[in-house]
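The structure appears below as structure tokens.
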Amino acid sequence: GAGVSQSPRYKVAKRGQDVALRCDPISGHVSLFWYQQALGQGPEFLTYFQNEAQLDKSGLPSDRFFAERPEGSVSTLKIQRTQQEDSAVYLCASSFRQGNSPLHFGNGTRLTVT
Amino acid sequence: TQLLEQSPQFLSIQEGENLTVYCNSSSVFSSLQWYRQEPGEGPVLLVTVVTGGEVKKLKRLTFQFGDARKDSSLHITAAQPGDTGLYLCAGENTGGFKTIFGAGTRLFVKA
């Protein structure tokens with residue numbers, strides 16, 4: 001497909017486990033964003049990549065959260081030692097360029113920490 | 001810190017009614033975007049407004065950007081059940097590196 005693809009669609013983790021969430025952006029899109037969306041809320045910015053460079057990680061809640069995009073395409077968001085408050089939908093978005101460029105979102109990964 | 005406040009948070013109306021939702025900030029944005037999100041899916045872009053005072057129409061939806069580029073509104077005429085969803089406004093911060101979102105207005109249109 002031509003859209004942003006995220007996997008897995010759903011993830012259940014026991015508290016303390018590590019998880020890895022994958023995002024395949026639209027081919028050729030320079031910018032890639034990760035957002036966290038709690039139930040009934042708007043997406044909260046986590047981090048931003050321009051190609052392989054992570055230019056802004058100011059939204060990552062703690063040092064348990066880590067994101068990478070080593071070849072400027074696929075990105076992985078890793079959460080170590082998951083806690084119940086990490087339960088949320090994690091959305092990935094890509095855009096063709098930086099600045100006034102619409103975001104194309106995937107359908108998200110719903111993470112539930114038990 | 002740039003924040004976007006949306007109102008109302010929740011709106012339940014009858015089919016055929018008109019409605020307006022608002023997006024306000026104390027900060028200036030280079031552009032504002034409106035997205036619509038349905039359950040289990042990611043947000044989908046409806047429109048981008050760039051120029052202060054700009055008005056854009058998309059069928060029964062009218063979007064306006066405030067003159068000072070700090071606020072925006074979305075007006076829906078003759079709402080239909082298919083308009084049901086979460087409406088999100090979003091703005092690019094002045095650095096242009098990230099787009100921030102409001103908390104959204106959840107609209108429910110009853111047939």
State whether the residues of the range A:18-41 include one that is touching a Gly at 6+ places or on another chain (Cβ under 6 Å), hydrophobic (A, V, I, L, M, F, W, C), within 14 Å of chain B (Cβ to nearest Cβ) and under 27 Å from B:Leu46 (Cα atoms).
no
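Of the residues B:Leu19, B:Leu4, which is farther than 17 Å from B:Gly91 by Cβ and surrounded by 13 or more Cβ atoms within 10 Å (Cβ to Cβ)?
B:Leu19
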Please go through the range A:60-72 and give me each residue that is surrounded by 14 or more Cβ atoms within 10 Å (Cβ to Cβ) and either modelled with pLDDT of 95 or more or more than 15 Å from the chain's Cα centre (by Cα) (or both), ordered by number.
A:Leu60, A:Arg64, A:Phe65, A:Phe66, A:Ala67, A:Glu68, A:Arg69
Please verify whether the range A:45-52 includes one or more residues that are hydroxyl-bearing (Ser, Thr, Tyr) and outside any loop (DSSP other than H, G, I, E, B).
yes
Among the residues of the range A:72-114, which ones are touching a residue at least 12 places away in the same chain (Cβ under 8 Å), within 14 Å of another protein chain (Cβ to nearest Cβ) and farther than 25 Å from B:Glu38 by Cβ?
A:Arg97, A:Gln98
For the range B:47-60, give me each residue that is more than 9 Å from chain A (Cβ to nearest Cβ) and surrounded by fewer than 18 Cβ atoms within 10 Å (Cβ to Cβ).
B:Thr51, B:Gly52, B:Gly53, B:Val55, B:Lys56, B:Lys57, B:Leu58, B:Lys59, B:Arg60
With B:Ala90, B:Ala68, B:Ala103, B:Ala78 as the choices, which residue is out of contact with any Asp or Glu (no Cβ under 6 Å at 6 or more places or on another chain) and on the phi > 0 side of the Ramachandran plot?
B:Ala78
Checking the structure you have, find out if any residue of the range B:72-89 is within 14 Å of chain A (Cβ to nearest Cβ) and either among the polar types (S, T, N, Q) or without any contact (Cβ under 8 Å) to a residue 40 or more places away in the chain (or both).
no
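The values are calculated or read from the model by the stated rules, or taken from the named source; none is laboratory data. Note that the structure is predicted; figures quoted are calculated from it, not measured. FYI the Cβ positions are ideal-geometry reconstructions off the backbone, even for glycines, and counts take in every protein chain you see.
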